[in-house]
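All of the numbers you see were taken from the coordinates with simple rules; none came from a lab. Being a predicted model, the structure only gives us computed values, none of them experimental. In this analysis, Cβ positions are derived from the backbone assuming ideal geometry, glycine residues included, and neighbour counts consider all displayed protein chains.
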Amino acid sequence: MFPSAGCNEAPAEEEKLVRNLTRGFAVAALALLLAAPVVGAQAATSPDDVADDVTLEAYLDTLDTAEREEFIETMLPATESVTVGPQAPANAQAYASAMAARMTGVEITPLAVGCWTQRWTWGPKAAAGNTLYTYYHVGYWCSSGSTVTAASVQDYGAETKTPGWRVIGSVSKGAAVVSNQGRSGSQHTFALGVGGWDVQTPVHCARVKGLSNGTSTADSVCGV
């Protein structure tokens, strides 16, 4: 017995509802984007931030409703993923601490001795789920017992994942031992160009804070 035509109407209506809800969330994300500073940027609003908002609104005003929704869903940041790489010993003493920890079934002793590196990567995504660009920072620090003794920048960089976005540049923000943490950071600037306009130029900061046990944490604070 074949299903009646009416049985296929509900899924179609549900699919339409899902599309409308997705677009609604994307529009809401744009409103938040225009109302708040970019993730990782400094809290103070600069003239460039204001100019970005005005330029983006001016460009969006040139699009029809469907084009505007597609642009917002696929080209503007809505969420951001953060991933951390493995804890990496950077010298013989650190390797010895790591081996001793493995033998005892723990990560690293709080009294670790040696130097360490760890990479953190950030990836802003559009509402549609595509990654727009990524940036990373690799911190380097040394410890002796419960004391962090040194810090430096191991590596940093950025790349784009969605056409239209480009990297303007990445710079080191320096390194220092602060509050018994081996801190180092970098700053990354991107631009979204459409129709000869740069409609967004977000600036992100990446900071890694190395701890005495060889592990690290990270945040988006500019400077150390």
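Sort S144, S81, S220 so the one with the fewest other Cβ atoms within 10 Å of its own Cβ comes first. The partial results should precede the final answer.
On the way: S144 14, S81 11, S220 17.
Lowest count first: S81, S144, S220.
Treating the stretch 105-224 as a set of equal point scatterers at the Cα positions, no solvent, please give the Debye-formula log₁₀ I(q)/I(0) at q = 0.10, 0.17, 0.23 Å⁻¹. The calculated log intensity ratios at q = 0.10, 0.17, 0.23 Å⁻¹ are -0.36, -0.79, -1.14. If the chain linking V82 and D64 were pulled fully straight, counting 0.36 nm for each residue of separation and taking away their Cα-Cα distance, it would gain 3.1 nm.
Cα centroids of the stretch 160-224 and the stretch 54-86: 20 Å apart.
Neighbour counts of other Cβ atoms within 10 Å put K161, K173, K209 in the fewest-to-most order K161, K173, K209. Taking other Cβ atoms within 10 Å as a rough exposure proxy, R183, R68 sort from fewest to most as R68, R183.
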